[in-house]
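Below: the structure, in structure tokens.
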Amino acid sequence: MIRDSEFPRAKLKTEPQKRRNARARVSRGYTRDARTLTLIDGPARIGKSFSAQAWCERMAGLARYVQVPCSNDDIGFFRAIGKALGVSASLQLKASEIRNRIEEVLQHGDLMLVLDESQYCWPQSWQRYAMPSRVNWILQALVNFNVPVALVTTPLFYSSQKRVEELTGWTSEQLIGRIGHVERLPNKLGRADLVKVAKALLPSAEAAWGALAAYADVSKKHLASIEAIAKRATWLASQDGEQSTTAAYVRRAMKESVIPSDTALAESLASPRKSRRNTFARSPREARGYAAATPPTLEGHPVRRGSLITEPRGCLANT
């Protein structure tokens, strides 16, 4: 609960987040109106995919959402775009046939294409001569024909680009010159946005919205932790025959399942501690080589003339 004295500080904390979300919406609208290429990048698990898909659904069919497959083949890439556009993408069709139908629809229509997980547009095999065919097709078949395209990606996009340039000699001047706008998303969502997500997923658990936002703020899973708690709490309520998920089920899900699961996952992924070598109570090594052939010098022991062997008193010399 925010006191009156803390309200201005909390307001200042959430205002930048609101401005970033507004800029992201404006960027997508600018891409559609200006018919240009926009690059939207941000870290994983902050809701990029959910936001992009929801925005496309509100555009009444003028923007189509596509999740780029992580496979390295062209037919899977074009089939995903074909399904989003509604063109035939049958398994009996070749990649070139699906590609020609996609180009016919996009180049002569008024649709915008939103490609999520665009870091997979780069080759995934990392061969020395694997050229970025997907990126080249986007530039030549879409951007050159003024098709509005938005690439939603993680920072892995830039590292993959550099690696392709190092391995293949491909230069990115064409790509850089065609990017009309770059929008950088925040590293994490603010507390106010997390509360809104909790409210959308669990409308009947108003008393637990703040706790969900606080847990997601410190969890490494961030936004995904709210979704995991919501699914677990909904399942617990269904087991008891309840139609609505109350705050009691949310607290039970957090205490019995989600928090122990996240703790176990963090411990499993933590780097193992290096075991220290025990240097105590070790038996002495057997002397070999020159050390074995040269006995130690003993004071008070007679040395036989003409010999290098020392012999203590009372010992029998080997003959």
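The values are calculated or read from the model by the stated rules, or taken from the named source; none is laboratory data. Source: prediction; values computed, not measured. Note: ideal-geometry Cβ built from the backbone for every residue, glycine included; neighbour counts use all protein chains shown.
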Just one of (1) farther than 23 Å from residue 42 by Cα; (2) out of contact with any Lys or Arg (no Cβ under 8 Å at 6 or more places or on another chain); (3) of a type in the set (Val, Ile, Thr) trips up residue 147, so point out which.
(2)
Pairs under 9 Å by beta carbon, first residue part of a helix (DSSP H, G or I) in region 49-60, partner among the basic types (Lys, Arg), six or more apart or different chains?
51/25; 52/28; 55/25; 55/28; 56/28; 56/64
Residue pairs qualifying under the 8 Å Cβ cut-off, at least six apart or on distinct chains, with the first in region 222-243 being in contact (Cβ under 8 Å) with a residue 60 or more places away in the chain and the second being among the basic types (Lys, Arg) and not in a helix (DSSP H, G or I), are 222/45; 222/188; 223/45; 224/45
Considering residues of region 232-265 that are hydrophobic (A, V, I, L, M, F, W, C), at pLDDT below 90 and surrounded by 15 or more Cβ atoms within 10 Å (Cβ to Cβ) only, the residue nearest to residue 213 (Cα to Cα):
254
